[in-house]
1. For chain B, what is the calculated [θ] at 222 nm in deg cm²/dmol (nearest 500), taking -39500 (n - 2.57) for each run of four or more DSSP H residues and dividing by its residue count?
2. Only bridges whose two residues both fall in chain A count here: according to DSSP, what percent of them are antiparallel, nearest 5?
3. Would you list B:Thr99, A:Thr9, A:Thr51 from fewest to most Cβ contacts within 10 Å?
4. Over 24 Å between C-alpha atoms is what I'm after, so list which of A:Lys2/A:Lys74; A:Lys13/A:Lys61; B:Lys75/B:Lys96; A:Lys2/A:Lys36; A:Lys41/B:Lys114 land there.
5. With an 8 Å Cα cut-off and a minimum separation of 6 or more residues, compute the relative contact order for chain B in percent.
6. Any chance you could give the angle, 0 to 90 degrees and rounded to 10, that helix A:12-28 forms with the longest Cα principal axis of chain A?
7. Divide by every residue of chain A the summed helix terms, -39500 (n - 2.57) for each DSSP H run of at least 4, and state the resulting mean residue ellipticity at 222 nm, rounded to the nearest 500 deg cm²/dmol.
8. Report relative contact order for chain A in percent, whole number only (criteria: Cα-Cα under 8 Å, sequence separation at least 6).
Amino acid sequence: MKKFEILGTGCPKCNMLQNLTEQAAKELGLQYELKKVTDIKQIMNYGVMITPALVVDGQVKVAGKVPTLDEIKKLIQ
Amino acid sequence: MDCCGGGTVLLYSCSGAADVGCIADRVTRILSKEKVGRMTCLAGVGARLSGFIASAQGADRNIVIDGCPVACAQKGLEAVGVTAEVYNLANYGCKKGETPVNEELIEEIALRIKDDILNYQSMSARIAEDEGSGGCSCSSC
């Protein structure tokens, strides 16, 4: 089971990252759980200075931008 | 915390043990307070913590204030594949082990580096504008 976290305060780009991540996981047939983290203090605990950010199994994979669907597929496998 | 707005500038200081490391740290804090960018932890990058690395990779500009020619902050970022804009105190008249740490000097250097950062920013913007217009701005070609 993969664990994804989307870090961000809920802006359109954060939502886009969430939607693309879910789409990528479904297309890859991955079992996953996804959590949105909107609390700034919790986000800072990851060392993240820019949002949105994608965390996969505790590792921050990308911050400050929304990758393409194909890029996300590579990041979450 | 920058969210989605673009134009993110992150500031790093070597914050080393020597007098110049202390000055670099204090200067960087002044620049952060004056909103030239936002100071973040070089130690986090050095520890290879994924959030700090991803933030550096995602920032529009990473600015480093190094205290001496050893350039640990610059090299720390380069080690994770990030090329930074570097301001080294050696180029501002500071010699390691011979520079008194005082408010006057810290403020003077902060002001000079701030000017250099802003000049670099406007020069980069002009170059980007020239490239966008499809040619150089001279009158002879």
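What follows is calculated from the coordinates using simple rules that are stated; it is not laboratory data. All values reported here derive from a predicted model rather than from experimental measurement. Every residue, glycine as well, gets a Cβ built from its backbone with ideal geometry; the counts of neighbours run over all protein chains shown.
1. Details: 5 runs with 66 residues, N = 141.
Only helices count here, giving -15000 deg cm²/dmol.
2. 55 percent
3. A:Thr9, B:Thr99, A:Thr51
4. Going by Cα-Cα distance, A:Lys41/B:Lys114 fall outside the 24 Å limit.
5. On the way: 192 pairs, mean separation 36.5, N = 141.
Here the relative contact order equals 26 percent.
6. 30 degrees
7. Details: 3 runs with 30 residues, N = 77.
Result for chain A: -11500 deg cm²/dmol, rounded to the nearest 500.
8. Values: 123 pairs, mean separation 31.7, N = 77.
Answer for chain A is 41 percent.
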